[in-house]
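The structure appears below as structure tokens.
The values are calculated or read from the model by the stated rules, or taken from the named source; none is laboratory data. This is a predicted model, so every value here is computed, not measured. When we count neighbours, we look across all protein chains shown, and the Cβ atoms used for this are built from the backbone with ideal geometry, even at glycine. Accessible surface areas use protein heavy atoms only, side chains included; no ligands, DNA or RNA. Shrake-Rupley method; radii C 1.70, N 1.55, O 1.52, S 1.80 Å.
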Amino acid sequence: MRALTHPVRIALLEVLAVHQPLTATQAGELIQETATTCSFHLRQLAKYGFVEEAARGKGRERPWKLVNMGFSIKEEDLDAEGRIAADVLMKVYFRRALERFDQWQRTHRSYPEEWDRASTADQTALFVTTTELAEINGKVREILMTYLDRLVDPSLRPSDGRLVEVLYLAYPVDPGTAFTAKNLGSNEP
């Protein structure tokens, strides 16, 4: 997991998920890093089993692909150090996703109106049991997975489709303190 917390490696995994296979040079152009940097980090990702060569090539011109689309972390399989690493990794991934959401918020009016209308940012508070929350999460995951094949196989992508990031969070909060102005970042007295 520590191998994944580097921002260049995360960017490489993200760009490979959409554009694979890619050479280090192609990946570098997409993530705005040098081919040398990408080549090093692709080899590191290969060392830990996240990417592999898609075909034979020389140096930075050999194409790379993901070994698996996405990954999951099973907390029960981790020791204390592994749980800390998993927390750091998730924080890095969600920070990147929230930065992209912030970018969307700044630029959404420049998109065609139908994309602006179809997109959403929604917050809902619910009182549910752990069983109900697991059921909600399973249903959301099931819906999202019906479109995953389009990420893996570009030929399945609709001609009028766009890459869309779905950021879904579901977690318990303390109703006594979660919604105070202090926790919302207010600087007012």
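A compact table of results
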{"item": "Cleavage-rule hits, GluC sites (Glu not before Pro), the range 56-102, DSSP coil, Cβ neighbours within 10 Å at most 15", "result": "none"}
{"item": "Axial C-alpha extent at least 30 Å, average Kyte-Doolittle at least -1.0 - helices from the chain (DSSP)", "result": "80-107"}
{"item": "Distance-filtered residues of the range 45-65 - backbone nitrogen under 19 Å, label point 7 angstrom along VAL18 Cα→Cβ", "result": "64-65"}
{"item": "Theoretical gain in end-to-end length, TYR171 to MET90 [0.36 nm per residue, Cα-Cα removed]", "result": "27.8 nm"}
{"item": "Spatially proximal lysines relative to LYS74 (Cα-Cα < 17 Å; intrachain offsets below 8 disregarded)", "result": "LYS91"}
{"item": "Surface per residue (accessible, 1.4 Å probe) for the chain, Å²", "result": "74"}
{"item": "The chain, accessible surface, carbon-and-sulfur percent (1.4 angstrom probe)", "result": "54"}
{"item": "Translational diffusion of the range 65-181, µm² s⁻¹ [Kirkwood Rh, Cα pairs; Stokes-Einstein; 10 °C; 1.306 mPa s]", "result": "90"}
{"item": "Backbone N within the range 16-36 under 12 Å of label point (7 Å from ARG157 Cα along the Cβ vector)", "result": "16-21"}
{"item": "About the Cα centre, charge dipole magnitude for the chain (Lys/Arg +1, Asp/Glu -1 at Cβ), debye", "result": "780"}
{"item": "THR25 versus GLU135: modelled label distance in nm, points set 7 Å from Cα along the beta carbon direction", "result": "5.6"}
{"item": "Evaluated at q = 0.16, 0.19, 0.21 Å⁻¹: base-10 log I(q)/I(0), Debye formula over Cα of the range 1-126", "result": "-0.91, -1.07, -1.16"}
{"item": "Distance between modelled label sites at THR124 and ILE73, nm, 7 Å Cα→Cβ extension", "result": "2.7"}
{"item": "Cα gyration tensor of the range 85-135 - equivalent ellipsoid semi-axes, whole Å, descending", "result": "28, 20, 8"}
